[in-house]
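The values are calculated or read from the model by the stated rules, or taken from the named source; none is laboratory data. Given the structure is predicted, the values throughout are model-derived calculations rather than measurements. Here the Cβ is made from the backbone with ideal geometry for all residues, glycine too, and neighbour counts use every protein chain on show. Accessible surface areas use protein heavy atoms only, side chains included; no ligands, DNA or RNA. Shrake-Rupley method; radii C 1.70, N 1.55, O 1.52, S 1.80 Å.
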Amino acid sequence: MNRDNSSRLFSVARKVMPGGVNSPVRAFNAVGGDPLFIKSASGSRITDVDGNEFIDYVGSWGPLIFGHAHPQIVSAITRQAQLGTSYGASTELEIQLAEKIVRAVPSVEVVRMVNSGTEAVMSALRLARGITGRDKIVKFAGCYHGHSDSLLVRAGSGLASLGIPECPGVVSSLAEKTVNLPFNNIERVRELFAKEGKKIAALIVEPIAGNMGVVPPTPGFLESLREVTREADALLIFDEVITGFRVALGGAQKLFGVNPDITCMGKIIGGGLPVGAYGGSREVMDHISPIGPVYQAGTLSGNPLAMAAGNEMLDLLSRNGIYETLERKSKKLCEGLRQHAEALGVQAQFTRVGSMFSMFFTDQKIVDFETVKSCDTDFFKRYFNGLLEEGIYIAPSQFEAGFVSAVHSDEEINLTLEANRKALAVARG
Ligand SMILES: *Cc1c(COP(=O)(O)O)cnc(C)c1O
């Protein structure tokens, strides 16, 4: 496969951008070689600047649950662009999107739009600290909540791929306020809360971890987090930036029947444009300015292009049977992956909730960051490059989720499985 144009662009990019990329997860550090430069994409296919076409399971890292350039989303954006791209004033589109979110997400009565998941989470933490007057935050190792200072400690996603446990530049007095615990370990949570519960402003969790690969919560884990935080009068924050509208219209909280105090969203609700949001009960959200004293603002917040795309996306998702279709396709894909691994004697663990999935190359049962880290990343590297060669694009790291979209056809899933068999055989050597 010729990738000369991508390589040429990458060498130019490195001259003008750090590492040649605008987000470290896009670099191919963990898998070797130069990253692809993309020219266009449509449906489940993505085409690079050398004209190679790939079936895409990255989906822009989660947002594209209806694939690339969905005609209805494109026309919603186009229509709005002709009416203006930003006003810095209120629009009806914002109300429409807020209403759709409030209707779908059980714990959200009021929602504030921002521009990214990072911003949503950063604002949610400030809100929790503002309400409780406490400053400690509890998170789980391997969970990623964006790159705000309080949360860059033992985080997942790019930090996991690049092996960065602590980030220079994060003020230590802030990092010290963040306690990291192992995911799915409720005993450790109870111990901490027994000692320090009254100092804890909030516990934040990805209800289904998606940034160390997919790690589902063990039965009862989320319920216990709800109970422990309530007893301590600390807020429970679900970071549903990936899971919101991905695993169900109402997100993981709907799927598991556990309601947090604050929900962070992003990715899907922007329909592929930059968006984040955080929401909760009216009582909680009324602490935010202009009603309350907790300040948070944004020049482009509720941007009309993003609202138009998000509205269209949520309309598409609320049609009957979408989540059943996603479940059926994803199940077919993942069962095929498992069969091939077994047939070839490759040690692998499979996790999946709806259309988010992972294949971990380890013999350990996957429950937390420690077990995830037992993976054979050299094997992954060979597997990734094998898949790429066969025209399948997955995230360039063992520690990221795969995403199936509603527009992946059965035929494309069969093609993927065929490629998978070859890539596994190559990786095994
Ligand atoms: C992607 C992600 C974020 C950060 O969102 P950005 O839009 O990249 O800032 C936060 N939390 C989770 C769970 C995410 O997956």
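Rounded if a/c is under 1.5, else prolate if a/b beats b/c, else oblate: with a ≥ b ≥ c from the C-alpha gyration tensor eigenvalues square-rooted, which is segment 1-152?
oblate
By accessible area of protein heavy atoms, probe 1.4 Å, what ranking do GLU283, GLU335, GLU94, GLU400 get, highest first?
The residues order as GLU283, GLU335, GLU94, GLU400, largest area first.
How many percent of the accessible area of the chain is carbon or sulfur, using a 1.4 Å probe?
51 percent
Roll a 1.4 Å probe over the protein heavy atoms and report the accessible area of PHE360 in Å², nearest 10.
Rounded to the nearest 10, that gives 0 Å².
Given points 7 Å out from each Cα along the Cα-Cβ axis, report the GLU191 to GLN82 separation in nanometres with one decimal.
Label-label distance for GLU191 and GLN82, simple model: 6.3 nm.
Is the C-alpha gyration tensor of segment 338-429 telling us rounded, prolate or oblate? Criteria: a/c under 1.5 is rounded; beyond that, a/b larger than b/c is prolate, otherwise oblate.
oblate
May I ask which of LYS136/LYS198; LYS332/LYS373; LYS139/LYS254; LYS177/LYS373; LYS139/LYS381 have a Cα-Cα span longer than 19 Å here?
Violating the 19 Å Cα-Cα cut-off are LYS332/LYS373; LYS139/LYS254; LYS177/LYS373; LYS139/LYS381.
When the Karplus curve 6.51 cos²θ - 1.76 cosθ + 1.60 is applied with θ = phi - 60°, which whole-Hz ³J(HN,Hα) does each residue of segment 220-229 get, with x for Gly and Pro?
Result, ordered by residue: x, 4, 5, 4, 5, 4, 4, 5, 5, 5 Hz.
Net charge near PHE357: determine it from the other residues with C-beta under 12 Å of the C-beta of PHE357, scoring Lys and Arg +1 and Asp and Glu -1.
Net charge in that neighbourhood comes out at +3.
Each residue of segment 417-428 in order: what ³J(HN,Hα) in whole Hz does its phi give by Karplus 6.51 cos²θ - 1.76 cosθ + 1.60, θ = phi - 60°, with x for Gly and Pro?
5, 4, 5, 4, 4, 5, 5, 5, 5, 4, 5, 5
As a test of the formula, what do you get for the chain when each DSSP H run with n ≥ 4 contributes -39,500 (n - 2.57) and the sum is divided by the residue count, at 222 nm and rounded to the nearest 500 deg cm²/dmol?
-12000 deg cm²/dmol
Report, by chain and number, residues whose modeled amide H sits under 5 Å from the one on ALA209, excluding near sequence neighbours (fewer than 5 apart, same chain).
Those qualifying (amide H under 5 Å, at least 5 residues apart or on another chain) are VAL215.
Of all DSSP beta bridges in segment 71-317, what percent run antiparallel (nearest 5)?
Of the beta bridges lying entirely in segment 71-317, close to 45 percent run antiparallel.
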